[in-house]
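Here's the structure we're looking at; comments come further down.
The values are calculated or read from the model by the stated rules, or taken from the named source; none is laboratory data. What you see is a predicted model, and the numbers here were worked out from it, not measured in a lab. Because the Cβ atoms are built from the backbone with ideal geometry, glycine has one as well, and the counts that use them run over all protein chains shown. We work out accessible area using only protein heavy atoms, side chains counted, and drop any ligands, DNA or RNA first. Shrake-Rupley method; radii C 1.70, N 1.55, O 1.52, S 1.80 Å.
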Amino acid sequence: MNPRSGLITGLLFVLAVPASAEVYRNVDAYGNVTFSDEPSEGAKAIEVKPVTTITLPKPEVVQETDRLREEVQKEGAAYESVSFAYPDNNQAFYSGSGDIQFQVRSTPGLQPGHKYEVTLDGQPVGQSASGSIAVSNVFRGTHEARVHIVDENGVQIKTGPSISFTVHRPSVLN
């Protein structure tokens, strides 16, 4: 091995070794904790975990998302509307157990593989192909509900207007 190739090999080896800086933790007499990259009296070296990196999606994948969005819009266009038949918007009712039987409808009716999905205060609470969705133990107070039509993959393809309703329940203090 000639000296020139040995020098190049050594240089490549040094560059290939990752640079790792030491981090030191020091606690003073008052309990204050400081961190530094320089050692000091009483400081202990600590191990620092590697930084998490996130790889962004490739442009082709983003373009695929646009195509899927167009398909969902086309599929949702098959429905004129989706809405609640019960409860009515701004309705208040008594439910001692907090059980609510949502009734939903769409024009036209559901296509094969599609379901109604009800969300309560932004959280999904049930799906059904029949148009009737029972939800148990809804807390007292005013809630917002929304109905969606989802396809066989669970993707929301049509969303109806939200409604607001109030549930009256007995107090646990009584």
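Summary table
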| quantity | calculated |
| --- | --- |
| Residue list for segment 102-127, restricted to those being of a type outside the set (A, V, I, L, M, F, W, C), in contact with a strand residue (DSSP E or B) (Cβ under 7 Å, 6 or more places away or on another chain) and closer than 17 Å to VAL82 by Cα | GLN103, ARG105, SER106, THR107, HIS114, LYS115, TYR116, GLU117, THR119, PRO124, GLY126, GLN127 |
| Selection from segment 73-102 of residues that are aliphatic (A, V, I, L, M), within 12 Å of PHE165 (Cα to Cα) and open to solvent by 50 Å² or more (accessible area, probe 1.4 Å) | ALA92 |
| Residue list for segment 135-155, restricted to those being touching a residue at least 40 places away in the same chain (Cβ under 8 Å) and either over 24 Å from the mean Cα position of the chain (by Cα) or surrounded by fewer than 17 Cβ atoms within 10 Å (Cβ to Cβ) (or both) | ASN137, PHE139, ARG140, VAL155 |
| Counted residues, segment 130-174 - those being out of contact with any strand residue (DSSP E or B) (no Cβ under 7 Å at 6 or more places or on another chain) and among the acidic types (Asp, Glu) | 1 |
| Failed item in (1) on the phi < 0 side of the Ramachandran plot; (2) modelled with pLDDT of 90 or more, with GLY122 passing the rest | (1) |
| Filter result for THR107 (β-branched (Val, Ile, Thr) and exposed (fewer than 12 other Cβ atoms within 10 Å of the Cβ)) | yes |
| Subset of segment 160-174 [surrounded by 15 or more Cβ atoms within 10 Å (Cβ to Cβ) and assigned to a strand (DSSP E or B)] | ILE163, PHE165, VAL167 |
